Amino acid sequence: MKNQIRLRFAPSPTGPLHIGGLRTALFNYLFAKKMGGELVLRIEDTDKKRTVKKSQKHIEESLSWLGIDFDESTSKGGDYGPYNQSERGSIYIKYVNELVEKGLAYYAFDTTEALDLERKSHEKKGKTFIYNSHNREKGRLVNSLVLSEKETQEKIKKGQYVIRFKTPADKVIHFEDIVRGKLSVSTRDIDDKILFKSDGMPTYHLANVVDDHLMKISHVIRGEEWLPSLALHNLIYNAFGWASPKFAHLPLILKPTGKGKLSKRDGDQFGFPVYAINWLEEKLYKGFKESGFLASALINYMAFLGWRPQGENEVYSMSELITDFSLNNINKAGAKFDPKKLLWVNAQHIQKTNIKDLIELCSSKNTDIEKGVFDRFLEIVRPRLETIDGLKKKFLYLFERPGINKDLVSKMSSKETISAINDFITELKSNKANKAQSLKEMLSKSVERSGAKFGKTLGFCRASIVGKMEGPDVFEMMEFIGSEETLDRLTLCVNI
Ligand code: GLU
């Protein structure tokens, strides 16, 4: 028998998939896997005006790069398709008609201008205009509740109508969210939301509820921005006489400053990506992938945006996340997006990844580094990497001799240091050692003979090889650039 736990990720293809959507997809995936359930990718493309054609491809490629796979989707198929809502039009017509017949939905013909006027006149009185039992039958609004059957049919024929949900009057409804607990809302505050439009398409509310029911979704995990719709969705489930799935609304992802919701403009402003992969609009928005992040690191980081396992460990693989994941420790408070922390997590994953896999991931991004030396290069620099792109530029001194940093070299020089370096140069000339370990032993002996300090002498070597006080292990660098080049760099600096 099939497992009853079924989840879905239901993006609207109105643009690229940003980190908020990716995090929602991930939490659905983790819970589905944890429970041995199934995961559906449903594309909510009923709003023709807002649909951006290439966006579905961006969504699918982003998810696939991250390793979030689905059991059912438009490309995979499945028993509950079609999985693009734009192809399910006749289903929604059937269900909205059912509500109209039961008297739980009605036709409305108000023009946008008339509704704007209502809104403005309410605002003037300090009130908010809500289209519901307060006013729907008072005669100012034009709908099938006040018009005769004949008038209604005539207006429907003209094709300018919407179908609204008939929110029950003056009821308090109670419902539950796994993250927020018990909630209640008065129907006085709920709008008779539009369910269906005369272009033959449902709105989000109808399509979402109908599909979650027909696709046998057991748990809905989605962003907090949908929490205000939960009361309405509960009412729609009741209207159809269907049991509603369980809901978990994930906390917002906040800007790095902690103030306000993260937006794509923040990425631009603070210089970090917000999309998994590149997105080209008027300009190129670089993705995490193209900026040198590992999919496993982004997964790890996103899992911690609003969730925390027990214990101190912060470095998790996908399978460890699945093992530890639970809906019970999702936070209510917004989760701050911290690009520095993401870099740290990325560095941890670069360290942890099997070297062969890492070489494969990195070499395609760093084609400017010769194949024959790439493996050795990566081994040396790996402990210092935060991202895996542009590596030649970051460690250019391993390929090209840097300019001499006179100030730094003199800072590192003392009589003893210079004498140790000269001794080392002589030794190296006669004994062309080229392994890090033997170079280290050789320098130690030169230091001893000259009465120099090892640390300072090492600093001199670093200043000569790199031109700055940074970079990988000095002896590893010497081995990488070779004894000739090491000799040249040291000689140039020892003689200034
Ligand atoms: N299409 C909605 C969105 O893109 C789905 C919301 C939901 O999961 O119910 O956010």
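For residue 76 and residue 54, what does the FRET efficiency come to when R0 = 25 Å and r is the distance between their Cβ atoms, rounded to the nearest 0.05?
0.80
Any of 53/264; 182/246; 120/193; 33/54 with alpha carbons more than 21 Å apart? Name them for me. Mind showing how you got there, number by number?
On the way: 53/264 19 Å; 182/246 12 Å; 120/193 19 Å; 33/54 29 Å.
The pairs that break the limit, which is 21 Å between Cα atoms, are 33/54.
Measure off 7 Å from each Cα along the Cα-to-Cβ vector at residue 154 and residue 176, then give the distance between these two points in nanometres to one decimal.
5.2 nm
Compute the acute angle (0 to 90°) between the alpha-carbon long axis of helix 204-214 and the principal axis of greatest extent of the alpha-carbon atoms of the chain; round to the nearest 10°.
For helix 204-214, the angle is close to 90 degrees.
log10 I(q)/I(0), Debye, Cα-only region 308-371, no solvent, q = 0.23 Å⁻¹?
For the requested q values the scattering log ratios are -1.14.
Using a/c under 1.5 as the rounded threshold, could you call region 288-426 rounded, prolate or oblate? The axes a ≥ b ≥ c are square roots of the C-alpha gyration tensor eigenvalues, and prolate needs a/b larger than b/c, oblate otherwise.
Prolate.
Within straight cross-link reach of residue 356, meaning Cα distance under 16 Å, which aspartates and glutamates are found once same-chain residues fewer than 8 apart are removed?
By straight Cα distance, residue 356 reaches 375, 379.
Could you tell me whether region 121-224 comes out rounded, prolate or oblate from its Cα gyration tensor? Rule is a ≥ b ≥ c as square roots of the eigenvalues, rounded for a/c under 1.5, then prolate if a/b exceeds b/c, otherwise oblate. Walk me through the numbers on the way to the answer.
Working: a/c = 2.40, a/b = 1.33, b/c = 1.81.
Since a/c reaches 1.5 but b/c is at least a/b, the shape of region 121-224 is classed as oblate.
What FRET efficiency, computed as 1/(1 + (r/R0)^6) with R0 = 60 Å and r the Cβ-Cβ distance, is obtained for residue 186 and residue 290, rounded to the nearest 0.05?
0.80
I need the Kirkwood Rh of region 376-496: take the reciprocal of the average 1/r across all distinct C-alpha pairs and report it in angstrom.
Final number for the Kirkwood radius of region 376-496 is 14.4 Å.
How much net charge surrounds residue 178 when only other residues with a Cβ under 12 Å from its Cβ are counted (Lys, Arg +1; Asp, Glu -1)?
On the way: positive: 180, 182, 222, 246, 332; negative: 176, 177.
Once all neighbours under 12 Å are counted, the net charge is +3.
Let me know the longest stretch in the chain that avoids all GluC sites (Glu not before Pro) found in a DSSP loop with at most 11 other C-beta atoms within 10 Å. Mind dumping the intermediate values first?
Values: sites that count: 281, 282, 312, 370, 400, 470.
Segment 1-280 is the longest.
Could you work out what % of the accessible surface of region 19-71 is carbon and sulfur, using a 1.4 angstrom probe and leaving DNA, RNA and ligands out of the count?
Looking at region 19-71 in its full context, I get 49 percent from C and S.
Could you tell me the distance between the Cα centroids of region 1-51 and region 370-440, to the nearest Å?
Using only Cα atoms, the two centres lie 49 Å from each other.
What pairs from 341/393; 48/76; 259/468; 259/283; 415/468 go past 31 Å between their alpha carbons? Walk me through the intermediate numbers first.
Details: 341/393 23 Å; 48/76 24 Å; 259/468 38 Å; 259/283 26 Å; 415/468 21 Å.
Pairs exceeding 31 Å: 259/468.
Considering only DSSP states other than H, G, I, E and B, which trypsin sites (Lys or Arg not before Pro) in region 274-346 qualify as loop sites with at most 11 other Cβ atoms within 10 Å?
Those that pass, being in a loop and sparsely packed, are 283.
Which value in Å does the Kirkwood hydrodynamic radius of region 1-70 take, with 1/r averaged over all unlike C-alpha pairs and then inverted?
Taking the inverse mean of 1/r over all distinct Cα pairs, region 1-70 comes out at 12.6 Å.
Quick check for me: using +1 on Lys/Arg Cβ and -1 on Asp/Glu Cβ, what's the dipole size of region 215-374 about its Cα centre, in debye to the nearest 20?
Around 380 debye, computed over region 215-374.
Rounded to the nearest percent, how much of the accessible area of region 341-496 (1.4 Å probe, protein heavy atoms only) is carbon and sulfur?
Percent of accessible area from carbon and sulfur atoms in region 341-496: 49.
Taking the Cβ-Cβ separation of residue 145 and residue 86 as r and a Förster radius of 45 Å, what is the calculated FRET efficiency to the nearest 0.05?
0.90
For a distance above 46 Å, tell me the whole-number percent of Cα pairs in the chain that qualify. The partial results should precede the final answer.
On the way: 40532 of 122760 pairs.
Summing the P(r) of the chain above 46 Å gives 33 percent of all pairs.
Just for region 135-263, what percent of DSSP beta bridges are antiparallel, to the closest 5? Mind dumping the intermediate values first?
Values: 11 of 16 bridges.
In region 135-263, approximately 70 percent of DSSP beta bridges are antiparallel ones.
For the chain, what is the accessible area per residue in Å², given a 1.4 Å probe and the full set of protein chains?
49 Å²
Pop a pseudo-label 7 angstrom from the Cα along the beta-carbon direction at both residue 364 and residue 317 and give the gap in nm to one decimal.
Reported label-point gap for residue 364 and residue 317 is 2.1 nm.
Are there chymotrypsin sites (Phe, Trp or Tyr not before Pro) in region 91-158 that DSSP marks as loop and that have at most 11 other Cβ atoms within 10 Å, and which are they?
Nothing satisfies the criteria.
The values are calculated or read from the model by the stated rules, or taken from the named source; none is laboratory data. What you see is a predicted model; the values in this text were computed from it and never measured. Because the Cβ atoms are built from the backbone with ideal geometry, glycine has one as well, and the counts that use them run over all protein chains shown. Just so you know, the surface numbers come from the protein's heavy atoms only, side chains and all, with ligands and any DNA or RNA stripped out. Shrake-Rupley method; radii C 1.70, N 1.55, O 1.52, S 1.80 Å.
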